[in-house]
Structures are given as structure tokens and as C-alpha cells.
1. With only alpha-carbon atoms counted, please give the Rg and Dmax of the chain, in Å.
2. Which loop GluC sites (Glu not before Pro) in the stretch 96-198, with loop taken from DSSP, have no more than 16 other Cβ atoms within 10 angstrom of their Cβ?
3. Could you tell me whether the stretch 190-289 comes out rounded, prolate or oblate from its Cα gyration tensor? Rule is a ≥ b ≥ c as square roots of the eigenvalues, rounded for a/c under 1.5, then prolate if a/b exceeds b/c, otherwise oblate.
4. Can you check what the Kirkwood hydrodynamic radius comes to for the stretch 565-608, Cα pairs only, in Å to one decimal?
5. Please go through the stretch 652-757 and write out the trypsin sites (Lys or Arg not before Pro) that DSSP classes as loop and that have at most 16 other C-beta atoms within 10 Å.
6. Extending each Cα 7 Å along its Cβ direction at GLU588 and ASP478, get the distance between those two points in nm, one decimal.
7. May I ask you to work out the translational diffusion coefficient for the stretch 372-476 at 20 °C, viscosity 1.002 mPa s, via Stokes-Einstein with Rh from the Kirkwood sum over Cα pairs, reported in whole µm²/s?
8. Quick one: with all protein chains in place, what share of the accessible area of the chain is carbon or sulfur, to the nearest percent (1.4 Å probe)?
Amino acid sequence: MATYHYPKYKIIISPDSKKTQGLRVGDVVRRQYFDNPNLIYSLMIVLETGTDSIAENEPAYFIGALIEGDEPQNGELLDFVRITSLFDTDRSGALYLTASDSESPFMDVIDVPAFENSLCFPFTGGGSPDIPDTGKYACMGESLLSTSYKQTEAEAGRIFRITRNATANSNQKTGFRQSIGKPLEHSQRVIISYKIRASKQIQDVPVRFGYATGEETDGSDSIDIDTGWQYKLHLVTIDYPKQYRRSFSIDLTGFLLIEGDWAEIADLNIVLQADISTFSNATKARVGKIKGIIDPVFGVLDGYGAYFQNLYATRNVNIAGTLTAGDENGFSSTFYVGKIHKNVIPNSIEGEFEEFPIRKPEVMTPAGIGYTWQMGNSAKFITQSAGWRKSHIGEKYCFSLWVKADKPVTLSICQDEYFIQSIDIDSSDWRRISVAFVIQDSEELSLVMRVDSSVPGILVPAPQLEAGTTPSQYQPTDGTLSYVEDYGAWFTKGGIGGTIQNPLLKLNEDGSISSRDGSFVIKPDGTGHFASGRFKWTKDTITLQDVTIRWEDFDEEAKENMLPKSVSITGTDTFHYADELETAAEPEEIHLYATEHNFTGTSRKWQYRAPDFSWKDIPGENRDFIRITPVAHYWEERKTLSVRYVSLSGSNEYADIFTVNKLFDGSSPYSIYITSDKGTVFRNGIVSTVLKATVLKGSEDVTGRIPESNFRWIKTSDNPVADKLWNSADHTGKTLEITGDDVHRKAVFNCEVIIST
């Protein structure tokens with residue numbers, strides 16, 4: 001067996017030293033000094049602290065497990081300093097100043113060496129005993145147990161409870177079990193640190209670390225469990241090859257027998273001893289010789305200087321090289337240079353909610369962009385799709401947002417139905433809150449981050465969901481995510497080119513982009529203009545105003561396309577009868593000829609207007625002329641006939657209308673002519689013209705003798721419903737102004753006139 005039975009030492013603080021005892025259980029402490037010719041070094045883990053009531057003056061002491069280095073001796077310097085904690089993240093960092101280490105001198109800021117490289121540091125339940133997961137507690141004998149997880153209480157944190165249920169006893173083992181995913185090699189030493197308690201006192205509980213299959217054991221021990229929290233520490237040296245996965249278990253089989261019996265484990269951390277005795281992966285900042293630091297961007301550093309993971313500077317700052325910056329609030333609301341895809345919320349500016357809070361446009365967000373919302377007692381942010389959640393189960397993510405409350409408030413944050421953490425806020429200023437969690441599966445239709453408030457009315461802008469456990473500078477999103485690992489830049493104000501105070505390309509406060517002199521503008525909604533407004537555009541239209549375009553600048557195809565295209569009908573318009581009893585007409589037939597202007601039609605047809613005002617085809621007339629006889633069926637007992645010629649060119653139709661009358665001796669015929677002041681063909685849906693009706697009696701213009709109210713306009717198109725609605729309105733008068741609202745693709749307008757004075 002390779003369980004390391006560490007020696008324990010009681011270190012008493014001298015009452016005359018005037019020093020206080022600041023250590024706590026779980027702290028990793030170190031002493032190091034040079035006593036020529038020897039370097040004295042000891043690394044210990046604090047197992048107990050207190051005051052010695054037997055000794056005079058009751059001096060403070062701590063009991064430590066010596067895990068590496070020299071045994072403490074009387075007469076030596078016993079000044080120990082904390083370098084980290086095995087479970088308290090608030091006690092995880094330290095300053096380390098050395099002139100004796102390799103590559104010294106330097107001063108390091110070290111932090112979280114026991115957590116970042118932990119083999120197992122669970123902060124939620126729901127794990128499987130056979131699947132390695134550093135962030136989830138697991139148990140064996142799940143069918144016999146119910147489980148629960150609690151974030152914190154007075155004496156412990158990250159608490160996982162197993163409780164015996166009413167299921168009949170079986171041969172299953174019950175207890176705690178954590179699988180380790182990282183391969184472990186021979187001679188490596190593993191530190192296992194945790195707190196434990198149960199609903200009753202239990203003795204001689206087996207503890208094991210070894211192959212997950214159970215075939216080989218690297219180290220084993222037994223513990224006693226009390227009803228109050230007890231701190232346990234095991235050190236195990238790996239004996240067997242690394243190709244087999246390891247697991248750590250506390251076997252409670254035969255101890256939790258009655259329904260309701262429970263046991264709890266808390267603050268579990270399994271870490272390699274090498275990761276807390278050296279600081280190669282824990283340095284957050286260094287001043288001095290920086291050789292040996294490995295940075296994920298720049299690799300291995302060398303020489304003297306300063307290294308910081310985060311650098312904040314004000315006043316006079318001069319930087320050469322690459323700069324990634326945030327604003328005074330700590331996130332890049334007005335200037336961002338870095339990873340393009342970080343915030344995975346599709347639209348953090350406008351927000352998407354299951355239950356919509358109240359938008360407060362008058363409240364400016366501390367992010368400088370986006371909206372502020374006022375929530376009731378709950379806000380449910382839709383942060384991603386169910387498919388995204390499914391593909392990221394088990395991954396660590398950090399949710400953050402800014403909050404502002406007028407009174408002290410407690411916020412509870414959940415991922416879907418899973419509670420994550422409660423946060424107390426006692427400030428009336430803007431404050432950014434964040435929680436780290438592991439993505440868990442759910443039946444919800446979307447990944448929802450729910451924020452519950454003990455007091456309604458708090459303000460919440462700028463949500464962000466990003467990979468990792470700590471929030472970084474805020475990155476606003478607007479509905480489009482770029483799923484790339486590239487880096488880029490983003491700005492909201494300022495400019496590009498020219499000078500700082502007078503840039504060539506200006507980034508304006510309203511989100512628009514313009515040139516220095518305003519000759520072109522692109523607005524946030526995508527519209528804009530060139531040439532100071534003479535060339536304007538929207539998504540669907542382009543408008544030219546006071547623009548000179550020279551004809552000779554166009555090629556032949558463009559000229560052909562721009563020529564006005566139309567058709568016209570010519571011919572005799574009257575059949576003359578001697579009297580109404582006469583059946584023979586002069587002439588016997590009328591020939592009408594159609595002329596196509598600036599185009600040649602690909603198909604043609606002649607039509608006549610039926611009594612119901614619809615146009616009907618005249619069969620067999622697919623040519624540019626037609627013979628009209630006075631006895632043809634299309635007269636339908638009428639004395640006036642309207643015919644139409646339609647020619648198709650590409651996707652466009654061109655048409656003209658001609659009226660033929662039957663005239664009997666003793667009366668002059670009335671005819672109506674309709675003209676358009678801007679033609680009959682319009683492009684791109686831009687329609688604006690005035691139609692004018694003229695009434696002739698024979699060759700005499702009698703329009704002025706007829707009242708305006710006697711003229712009634714009628715529209716006919718391929719949309720009968722719209723035509724009925726249009727015709728039901730009052731469209732009277734000798735003229736009619738039509739726009740794009742009156743014409744969809746094409747329409748025919750006719751005028752009926754009552755001949756009276």
C-alpha cells in the first residue's frame with residue numbers, strides 16, 4: 001500500500017512575538033529561508049488551529065501535516081506563510097518573493113494553484129461514478145439513495161448529501177465515488193482533502209484510491225465519521241501504471257441502513273502535490289526575471305520585466321505593440337480588440353425573454369450600448385437554443401450581467417431548473433455580478449438563465465454567457481454570432497483615418513458611420529445616402545435627386561433598357577348607319593393597327609371589355625392588327641366597344657385601349673379619351689402620374705360642359721378583392737392622381753361619364 005502517513009507538527013506562536021494566528025484548516029503553508037550552507041524548506045497542510053489553554057498566556061497554534069521538505073526543529077525559524085487553500089477560493093493567492101529560487105530574483109503573485117489544476121473539484125451534483133467529471137459529485141448505489149447539493153453553509157461549502165431511501169436492501173455498494181480523468185503515473189503523489197459528516201456516528205469507514213475497476217489499489221485508509229463536520233486529509237503515492245483510470249471512494253455500505261440515514265461530503269479537492277508545491281502554473285503576475293513563465297499567447301517568456309494577466313493603467317499610458325482594452329467599468333463597451341466569438345448570447349443588446357420585463361430606454365446602461373430592463377420578481381433570459389445546450393453539457397460557463405437596486409436585495413440565479421447561487425447586493429450603484437456553473441441538460445425549449453429577486457424593480461442590462469469560470473470584458477451581440485476563433489476589433493465611437501479629432505471615417509454616437517464632410521452616411525437601420533443626400537437608398541429602393549447622368553456614358557444595352565416602351569392603336573373609330581333600322585354599316589369592317597415603340601413583343605393578344613368590365617380575349621388574334629365587324633359577338637348588343645392590345649416583352653406587359661362606336665344619322669357619337677401626364681409604364685414600383693378624361697361629341701370637346709361629379713373612375717387588376725375595395729371609395733372628377741399604393745404590378749383605370757349638365 002502507498003498511503004503516505006504524514007507526520008504532524010504543532011507549531012506554537014511565541015507569546016512574545018506579538019503575532020496573530022491567521023491560518024485556517026485546509027491552508028497550504030510554507031517556510032523557506034537560507035541558513036548557510038543549507039536552504040531550509042517545509043510545506044505543510046493545516047489540519048487544526050486553536051489556542052493552547054495548558055500553556056501560559058494561551059498561545060495560538062496550528063497543527064500541520066508535513067507533506068514535503070524539512071521537519072521543523074526547535075531553534076529554527078518557524079515563520080510559515082499561507083500560499084493557497086485546498087478548498088477556500090478566497091484564500092487561494094499569495095505574494096511570493098524570492099532571491100534563492102532558480103531564475104530568481106523575482107516577486108510572484110500566485111493564485112488558485114490548487115483549483116485550476118485540480119483532478120477533482122466538484123461544485124454541483126449529478127455526476128456518474130464511472131464517468132470522470134472534475135465539476136460534479138457522484139455516488140455509488142444510486143438506486144438506494146437520493147442525492148442533493150447545497151452551495152454553502154456556515155462551516156462548509158460545495159456540500160453533497162446522500163440519503164438512504166425506502167428501496168429494499170440489495171448487494172449494491174453505497175457511498176461516495178469520484179472518477180479521475182487525468183492519467184496518473186508511478187511516483188506521483190495525490191492529495192485528497194475534504195470535510196465529512198453523517199446523521200450518526202460511524203467508525204472504520206473504508207476509503208480507497210486506485211484503479212476504477214477495483215483490481216489494484218494505490219492507497220487505502222479508514223475514517224471515523226461524526227455528526228459534526230470533520231476535516232480529512234489523505235496522501236497517496238501512485239504505485240501502478242498510468243494506462244488505467246483511477247477513482248476515489250468512501251464505502252458506506254452497511255452503514256446507511258435505515259430510510260433517512262444520510263452522509264455529506266463537502267469541499268472535496270483532489271490535486272497533485274506537485275501542483276501546490278511549485279508555482280509554474282499559478283503565476284498571475286511577476287516582476288523581476290520573467291524567464292520560465294509560460295504564457296498561452298506568447299509562449300515561454302525570457303529576460304527581466306513585468307508580466308501581468310490583467311493590466312489596468314490610467315493617466316499617461318504609452319504602449320507599443322498589441323493592445324486589448326476595456327473601458328473604465330472593466331469591459332469593452334466602446335473599444336474592443338480580442339476574440340470575435342466570446343459572448344454566446346445571440347442578442348444581448350435587445351434581449352430575448354420568456355417573460356418580458358419592462359424596457360427602460362431612458363436609463364443608460366453602464367456598458368454604453370443596448371437596453372436596460374426593469375424586472376419584477378424574476379427575469380428569464382433566453383441565452384441559447386436547446387441544441388446548443390445539448391452539445392455543451394458538462395462544460396464550464398460563466399453568466400454575468402449588471403444590476404442596480406434601490407435597496408438591499410438577494411438574487412438567486414438558475415440555469416433552467418437548476419439552482420446555481422444566491423448573491424446579496426447592498427449597494428445602490430451599478431454592480432456586475434457573475435456565477436460559474438456547469439451546463440446541465442434540461443427539457444426546456446431553450447437554455448434559460450433565470451434571475452429571481454427578493455425585491456421587484458431592479459435594473460438588469462448587459463447579459464453575457466461565456467466559456468470559463470470568470471467574467472471578462474463585456475462583448476455586445478446583436479442577433480448574429482460569428483462561430484469562429486478569430487480575433488478582431490470593434491468600436492462604437494470615434495473614427496478611422498485622418499486625425500483623432502477629425503477622422504476621415506467617423507463613428508457617430510447614434511451608431512451611424514459617415515465621412516468627414518458628411519458626403520455619405522450609413523445609418524444603423526441600413527439606410528443611407530451618398531453625395532449629401534442626392535443618392536439615397538433603403539433595403540428596397542434607390543432615390544436620385546438633382547443628379548446629372550450623361551446619355552453617352554451608357555452602353556447600348558443600358559440605353560436600350562432605358563428607352564421608354566409603349567404601344568399605340570390607330571384606325572377608324574366609327575361604324576355609320578343610315579338609321580337605326582338599317583343593318584348595313586359603312587364601312588363593312590374596321591382595321592385597327594397596333595404599333596410597338598422601342599421594343600418587339602414576344603407574344604400579343606387582343607381583348608374586349610365585357611359588360612362586367614372584365615377583359616376577355618378575342619380568339620385567334622395573336623398579331624399586331626385586328627378586323628372589327630359590326631356584327632361580331634363581342635358587341636353584345638352595345639353601341640360602344642372598347643378593345644385592348646396587349647404585348648409581352650420579357651416579364652413586362654404593354655397595352656393600349658381603343659373605342660369603336662356605332663353612329664346613326666341624326667346624332668353625333670360621344671367618345672372618351674384618357675391621357676397620362678407621365679406615361680403608362682413605371683419601373684421598380686415607383687408610380688406617380690395624373691390621369692385626365694376628355695369627352696368628345698363627334699369632334700367637339702364638351703368636357704367643360706359636364707359636371708365633375710358625372711365622372712366616375714373604375715380600376716381593374718389581377719386582384720379582384722383589392723379592386724372592389726378601391727372601387728367602393730369615391731373616385732370622381734375629370735382627373736385622377738394615382739401612386740404606388742393604387743398599382744400593384746399593373747392595373748387598368750377607366751372612366752364612366754354621365755352625359756348631362
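1. Cα only, the chain: 44.0, 148 Å (Rg, Dmax).
2. Working: sites: GLU103, GLU116, GLU142, GLU153, GLU155, GLU185; in loops: GLU103, GLU153, GLU155, GLU185.
Filter output for the stretch 96-198: GLU103, GLU153, GLU155, GLU185.
3. Details: a/c = 3.17, a/b = 1.60, b/c = 1.99.
It is oblate, given that a/c is not under 1.5 and a/b is not larger than b/c.
4. Details: mean 1/r = 0.0764 Å⁻¹.
About 13.1 Å for the stretch 565-608.
5. On the way: sites: LYS662, LYS678, ARG683, LYS692, LYS697, ARG705, ARG712, LYS715, LYS724, LYS734, ARG745, LYS746; in loops: LYS678, ARG683, LYS734, ARG745, LYS746.
Passing sites in the stretch 652-757 are LYS678, ARG683, ARG745, LYS746.
6. 7.7
7. On the way: Rh = 13.9 Å.
Diffusion coefficient, whole number: 154 µm²/s.
8. Numbers: 20450 of 41190 Å².
Percent of accessible area from carbon and sulfur atoms in the chain: 50.
The values are calculated or read from the model by the stated rules, or taken from the named source; none is laboratory data. Predicted, not measured: the structure shown is a model, and the values here were computed from it. No Cβ is skipped: glycine too gets one built from the backbone with ideal geometry, and neighbour counts run over all protein chains shown. Protein only, heavy atoms only, side chains kept; ligands, DNA and RNA dropped before computing areas. Shrake-Rupley method; radii C 1.70, N 1.55, O 1.52, S 1.80 Å.
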